[in-house]
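Engineer: Just passing along the structure, written as structure tokens.
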Amino acid sequence: MNFTLKVWRQKSANASGSLQDYAATDIPAEASFLEMLDIVNEGLLEKGEESIAFDHDCREGICGSCSLVINGVAHGPKRGTTCQVYMRNFKDGDTIFIEPFRGRAFPIVKDLIVNRSALDRIIQAGGFISARTGSAPDANSIPISKADADLAMDAAACIGCGACVAACPNSSSMLFTSAKVSHLGLLPQGQPENRRRVLKMVQQMDDEGFGNCSNHYECEAVCPAAIPATFITRLNREYSAAAVAASAVGVK
Amino acid sequence: MPLDSKIPSGPLEEKWEKHKFESKLINPANRRKFEIIIVGTGLAGASAATALGEMGYKVKCFCYQDSPRRAHSIAAQGGINAAKNYQNDGDSVYRLFYDTIKGGDFRSREANVHRLAEVSAAIIDQCAAVGVPFAREYGGLLANRSFGGAQVSRTFYARGQTGQQLLLGAYSGLSKQIADGNVQMFYRTEMLEVVLVDGHAKGIVVRDLASGEVSSHAADTVVLATGGYGNVFYLSTNAKGCNVTATWRAHKKGAFFANPCFTQIHPTCIPVSGEYQSKLTLMSESLRNDGRVWAPKRKEDVAKRPQDIPEADRDYFLERKYPSFGNLAPRDISSRSAKEVCDEGRGVGPGGLGVYLDFAESIGRLGEATIRERYGNLFEMYENITGEDAYHQPMRIFPAVHYTMGGLWVDYNLMSNVPGLHVLGEANFSDHGANRLGASALMQGLADGYFVLPYTIGNYLATTGGKKVTTDHPEFKKAEEAVRERTSKLLGIRGKRTVDSFHRELGLLIWDKCGMARTKKGLTEALKKIPALREEFWENVAVTGTGAELNQALEKAGRVADFLEFGELMCIDALKRNESCGGHFREEYQTADGEAKRDDTKFAYVSAWEYSGKLDKPTLHKEPLVYEKVHLATRSYK
């Protein structure tokens, strides 16, 4: 198969970038999208040119590294991660636009690579349960209903790729934040820090420059882990409760 | 130099308790005076950073990924073992210990494995406490399953994403420590040298992968938790970035590399479909519970559609050879059997490298809905990758490299022979012998990080580790210079052949000669070819761009350069081990019916290789494996 690629090239964070044309020729239909880029890169390197930089690692849909906007859609035509897109999903001769995950809080590092450490800082603000190593009670001493455990697992499945941010017209990270708040808030172990966690994570989200949710549901549509937007509702509810409690009793 | 494994004296069951009591403690107020460098943020690294940060040490933690949450532990699917005996089915610390020793084909260190089994229960408690959403029963208690041929249900899991959930648990603890200021995190930063001062590991040299800046970091001790070397095969189930660089650089600074030829080939992966292929995808072993493995009896049938091959012309080779375990035979045995079938020309799919995993019988018996419920996500994944619908035609599977049991040699304290250099998780060698059992890798990573190193590290810090150094020390300047020189050498070649092309050739060679089955002839051949390939690499590799920027070609080149050296050691080790055990099958050493023939009189030892300055002439040190408790037996799965 043959394709024309229009790829975002940007030398560094402060350089200006542009879309450059590349021909991807003789691509096997069984190749993955990233393997197609590998083939193009091999050709560039053989010609002494610089390869197209993109993030990727596990290539099995779980690490959350890969982060391309393909033809305007975060992670491309199939719901799932970029690494799980295969060339048979395209037509021979297609022109394909490849861009990075854009967002105010995701500055470009180079070409298609962005800096998503803002998401790490949201977790650092409160996305954890403070249980000192060695101090845990027997795991079966806290029964958790299967329904709650399953719902917590649905939320915990988030891979932290940031597609929700890239897809959102407001560059909001509400789906990401809500997934962590829900995962920990649904578990009894997460209760002691729940209010404090919600307030701090939302504060960090704002500080990083992420926008707010205005119900476009684009995040849900591209999420490779199928995190539903109903978790955002849960986040809003938890936030209101925490904010009211904070103003009443001064939660810090 | 004699290898001192520092195994405590006394009865096996009491060694760890005794050792903990006898280990040196550091006063809480003094801990902040000690700096610890941790490289890698998988289960072992993240849990160690968390535990040591909580204790009050000053930790600097490094990962090459853009976030610590992306380390490859995240991809583990199946589960984590623990001797909880929640199912009342007769499990115990001793049974978990024994199964692990036996599974490792009696090539692991008894005392370490017993300790692993002892701390396994605390791992589950810790993970549940930090919010890992393990599978539960309706009563709210934890669910278990039996895994990897175990006769008890001791595996805890979180859907098919256990590694992800455990890593996110450890990562959340790490995140808290970062927020609290106990851990300083360095993202997108790759370790390129270990720095030794007066023979002690006192720091590292790293390259910031975003800016290209090379810098030094000094500490009181260095911890490597940098994973395995499976990518020496190019195609593996490892993430693309997994590499041997950190452990290899440490090896070249004096750390012994133990049992490098012990690698694990997983039987149920999606086969290779072409030369462009960049990685192999594992499908959970649980599929073998309901799928039957077969290949055509006759070569002439391999190109036929599977549905057109009648029952009588099919060879259900695992059921035929291992009637009592059948399709559930252990990983090494299943993998080797598939290879034999393909070697006979009876393999199916592209290149004849595949066998069928057929669900027709189970679907007939249980209905498609039941199979969909059990394995729906795996069938979906298979269809996404291959475009084939496994409900209506058999899957094609083939073995792929999955895990490496070898690693840097460590003593009971998890310290290498280089004082101050600790090694955790897959990066060390100690617990899995010649073959790792399913659901044991996650257990070992977290055991090392949460519950072993925090107790043993004090032994080094309180006794010999006192000397403080700064990055002004000339050894740091020397190491930085070595890194810069190497970088400019790679960039100066401007050759014609890409890094991937070299890596593919090396990988194929290692796979052929040092993969599922090895021979003296093949290994000798590989040992001729690897140095030649390495030479060509240094003359003709195409690395563009500069060192002062994000440069993925340069990153890969550095890693492949190390694989090109490491591969040689692997083959030397395989050639030296004149026996078959676990994942290491030497064709010359097999029983009359084709089973692995171990040689306990000559090879019940750990091969610990020392870098001699010459890659083709490493020095072998042997740590005898002394079994105080376990009786050496032959594994039989017939």
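The values are calculated or read from the model by the stated rules, or taken from the named source; none is laboratory data. In this text the structure is predicted, and so the values were computed from the model without any measurement. With ideal geometry, Cβ positions are generated from the backbone for all residues, glycine too; neighbour counts draw on all protein chains shown.
Engineer: Being among the basic types (Lys, Arg) and out of contact with any helix residue (DSSP H, G or I) (no Cβ under 7 Å at 6 or more places or on another chain) is the filter; apply it to the range B:506-564 and report the residue that is farthest from B:Phe585 (Cα to Cα).
Structural biologist: At the first step, the residues of the range B:506-564 found to be among the basic types (Lys, Arg) are B:513, B:518, B:520-521, B:528-529, B:534, B:556, B:559.
From what's left, out of contact with any helix residue (DSSP H, G or I) (no Cβ under 7 Å at 6 or more places or on another chain): B:521, B:528.
On the way: B:Lys521: 14, B:Lys528: 21 Å.
Going through the qualifying residues, I end up with B:Lys528.
Here is a yes/no grid of residues against (1) among the aromatic types (Phe, Trp, Tyr); (2) more than 7 Å from every other protein chain (Cβ to nearest Cβ); (3) surrounded by fewer than 24 Cβ atoms within 10 Å (Cβ to Cβ):
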{"site": "A:Phe33", "(1), (2), (3)": "yes, yes, no"}
{"site": "A:Asn41", "(1), (2), (3)": "no, yes, yes"}
{"site": "A:Lys47", "(1), (2), (3)": "no, yes, yes"}
{"site": "A:Ile52", "(1), (2), (3)": "no, yes, yes"}
{"site": "A:Asp55", "(1), (2), (3)": "no, no, no"}
{"site": "A:Gly61", "(1), (2), (3)": "no, yes, yes"}
{"site": "A:Asn71", "(1), (2), (3)": "no, yes, yes"}
{"site": "A:Ala74", "(1), (2), (3)": "no, yes, no"}
{"site": "A:Thr81", "(1), (2), (3)": "no, yes, no"}
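Engineer: How many residues does the range B:591-634 hold that are in a loop (DSSP other than H, G, I, E, B) and either surrounded by fewer than 18 Cβ atoms within 10 Å (Cβ to Cβ) or of a type in the set (A, V, I, L, M, F, W, C) (or both)? Quick ask: steps written out before the conclusion?
Structural biologist: So the first thing to find is which residues in the range B:591-634 are in a loop (DSSP other than H, G, I, E, B), and the list is B:591-595, B:597-599, B:604, B:611-618, B:625-634.
Filter again for either surrounded by fewer than 18 Cβ atoms within 10 Å (Cβ to Cβ) or of a type in the set (A, V, I, L, M, F, W, C) (or both), leaving B:591-594, B:597, B:599, B:604, B:612-617, B:625-634.
Qualifying residue count, the range B:591-634: 23.
Per-residue answers, yes or no, for (1) of a type in the set (Gly, Ala, Ser); (2) touching a residue at least 24 places away in the same chain (Cβ under 8 Å):
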{"residue": "B:Ala482", "(1), (2)": "yes, yes"}
{"residue": "B:Ile493", "(1), (2)": "no, yes"}
{"residue": "B:Lys496", "(1), (2)": "no, yes"}
{"residue": "B:Gly507", "(1), (2)": "yes, yes"}
{"residue": "B:Lys521", "(1), (2)": "no, no"}
{"residue": "B:Thr524", "(1), (2)": "no, yes"}
{"residue": "B:Glu536", "(1), (2)": "no, yes"}
{"residue": "B:Val543", "(1), (2)": "no, yes"}
{"residue": "B:Leu564", "(1), (2)": "no, yes"}
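Engineer: Which residue is modelled with the highest pLDDT, if the candidates are limited to the range B:462-482 and must be surrounded by fewer than 21 Cβ atoms within 10 Å (Cβ to Cβ), assigned to a helix (DSSP H, G or I) and among the hydrophobic types (A, V, I, L, M, F, W, C)? Break it down stepwise before answering.
Structural biologist: Residues of the range B:462-482 that are surrounded by fewer than 21 Cβ atoms within 10 Å (Cβ to Cβ), as a first pass: B:462-464, B:466-475, B:477-478, B:480-482.
Now narrow it down to the ones that are assigned to a helix (DSSP H, G or I): B:462-464, B:474-475, B:477-478, B:480-482.
Now narrow it down to the ones that are among the hydrophobic types (A, V, I, L, M, F, W, C): B:462, B:482.
Values: B:Ala462: 92, B:Ala482: 97.
Here the answer is B:Ala482.
Engineer: Which of (1) part of a loop (DSSP other than H, G, I, E, B); (2) more than 8 Å from chain A (Cβ to nearest Cβ); (3) of a type outside the set (D, E, K, R) is the odd one out, the single condition B:Leu166 does not satisfy?
Structural biologist: (1)
Engineer: Are any of the residues in the range B:394-410 of a type in the set (Ser, Thr, Tyr), in a loop (DSSP other than H, G, I, E, B) and either surrounded by 19 or more Cβ atoms within 10 Å (Cβ to Cβ) or modelled with pLDDT of 95 or more (or both)?
Structural biologist: Taking the range B:394-410 first, the residues of a type in the set (Ser, Thr, Tyr) are B:403-404.
Next, only the ones that are in a loop (DSSP other than H, G, I, E, B) stay: none.
There is no residue in the range B:394-410 that is of a type in the set (Ser, Thr, Tyr), in a loop (DSSP other than H, G, I, E, B) and either surrounded by 19 or more Cβ atoms within 10 Å (Cβ to Cβ) or modelled with pLDDT of 95 or more (or both).
Engineer: Another one. Could you grab me the full set of residues in the range B:254-273 that are out of contact with any helix residue (DSSP H, G or I) (no Cβ under 6 Å at 6 or more places or on another chain), aromatic (Phe, Trp, Tyr) and closer than 27 Å to B:Val197 by Cα?
Structural biologist: If the condition is that a residue be out of contact with any helix residue (DSSP H, G or I) (no Cβ under 6 Å at 6 or more places or on another chain), aromatic (Phe, Trp, Tyr) and closer than 27 Å to B:Val197 by Cα, then B:Phe256 is the only one that fits.
Engineer: Mind listing whichever residues of the range B:491-531 are part of a helix (DSSP H, G or I), within 14 Å of chain A (Cβ to nearest Cβ) and either acidic (Asp, Glu) or buried (at least 21 other Cβ atoms within 10 Å of the Cβ) (or both)?
Structural biologist: First, pick out the residues of the range B:491-531 that are part of a helix (DSSP H, G or I): B:491-493, B:499-514, B:520-531.
If we keep only those that are within 14 Å of chain A (Cβ to nearest Cβ) too, we end up with B:491-493, B:499-505.
Residues satisfying the conditions are B:Val499, B:Asp500, B:Phe502, B:His503, B:Glu505.
Engineer: Please go through the range A:99-117 and give me each residue that is crowded, with 23+ Cβ neighbours inside 10 Å and either among the charged types (D, E, K, R) or more than 9 Å from chain B (Cβ to nearest Cβ) (or both), ordered by number.
Structural biologist: A:Pro100, A:Phe101, A:Gly103, A:Ala105, A:Phe106, A:Lys110, A:Asp111, A:Leu112, A:Arg116, listed by residue number.
Engineer: Another question, if that's okay. Considering only residues that are farther than 20 Å from B:Pro296 by Cα and among the polar types (S, T, N, Q), which ones fall in the range B:354-372?
Structural biologist: Looking only at the range B:354-372, we keep the residues that are farther than 20 Å from B:Pro296 by Cα, and these are B:363-372.
Matches in the range B:354-372: B:Thr370 only.
Engineer: Collect the residues in the range A:118-164 that are surrounded by fewer than 21 Cβ atoms within 10 Å (Cβ to Cβ), over 26 Å from the mean Cα position of the chain (by Cα) and not in a loop (DSSP other than H, G, I, E, B), keeping them in residue-number order.
Structural biologist: Answer for the range A:118-164, where residues must be surrounded by fewer than 21 Cβ atoms within 10 Å (Cβ to Cβ), over 26 Å from the mean Cα position of the chain (by Cα) and not in a loop (DSSP other than H, G, I, E, B): A:Asn140, A:Ser141, A:Lys146.
Engineer: Among the candidates B:Glu193, B:Glu213, which residue alone is more than 30 Å from B:Gly352 (Cβ to Cβ), more than 14 Å from the chain's Cα centre (by Cα), at pLDDT 95 or above and within 14 Å of chain A (Cβ to nearest Cβ)?
Structural biologist: On the way: B:Glu193 fails: within 14 Å of chain A (Cβ to nearest Cβ).
Within the list B:Glu193, B:Glu213, the selection yields B:Glu213.
Engineer: Could you count how many residues in the range B:213-242 are of a type outside the set (A, V, I, L, M) and in a loop (DSSP other than H, G, I, E, B)? Steps first, please.
Structural biologist: Keep residues of the range B:213-242 that are of a type outside the set (A, V, I, L, M), which gives B:213, B:215-217, B:220-221, B:226-231, B:233-234, B:236-238, B:240-242.
In the following step, the residues that additionally are in a loop (DSSP other than H, G, I, E, B) were identified as B:213, B:220, B:226-229, B:234, B:236-238, B:240-242.
Here the count works out to 13.
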